[in-house]
Amino acid sequence: MKLLLDTHTLLWWSANDQRLSATARAAIAHGNNEVMVSAASAWEIATKARIGKLKGVERLLSNFEALMSADQFVLLAMHHPHALLAGSFAHEHRDPFDRMLAAQALIEGATLVTEDAALRAFGAKTLW
């Protein structure tokens, strides 16, 4: 199964946070699943750290690629088709990061691993 991690899912996985559901944790850890992390999540983490909304992520930001590689996560770039779909969703959702993740999940045929039920409104398959 192809999985795309929502940003909070990535943060909770990286911190071994108990808020990550047992179902999500098992799916991410399952060796047969391809786990993707979007450039949108790196962008969101860096942005929120810069404006003071997210603390304690300095190690993650300074070693992002190495940490993703250590977990055997696939880095997913943002491309024009992702951006065009994210911008064209009729659903009113202001968070550009969520819009991008939903678009990427749809285009890449991935299940979005997220606690955020609002992302289902974009039509993306979710798991939590």
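The values are calculated or read from the model by the stated rules, or taken from the named source; none is laboratory data. Remember, predicted model here, so these are calculated numbers, not experimental data. For neighbour counting, all protein chains shown are included, and Cβ atoms are generated from backbone atoms with ideal geometry for every residue, glycine included.
Quick one: in the range 1-57, which of the residues that are touching a residue at least 40 places away in the same chain (Cβ under 8 Å) and of a type in the set (Ser, Thr, Tyr) is farthest from Gly109 (Cα to Cα)?
Selected residue: Ser14.
Any idea which of (1) surrounded by 11 or more Cβ atoms within 10 Å (Cβ to Cβ); (2) in a loop (DSSP other than H, G, I, E, B) is the one Asn16 doesn't satisfy?
Status for Asn16: all satisfied but (1).
What do you reckon, is His80 modelled with pLDDT of 95 or more and not acidic (Asp, Glu)? Write out each step before concluding.
On the way: modelled with pLDDT of 95 or more: yes; not acidic (Asp, Glu): yes.
Yes.
Within the range 103-118, can you find the residues that are farther than 19 Å from Arg25 by Cα and part of a helix (DSSP H, G or I)? First the steps, then the outcome.
So in the range 103-118, the residues farther than 19 Å from Arg25 by Cα come out as 103-104, 106-109, 118.
Selection gives Ala103, Gln104, Leu106, Ile107, Glu108, Ala118.
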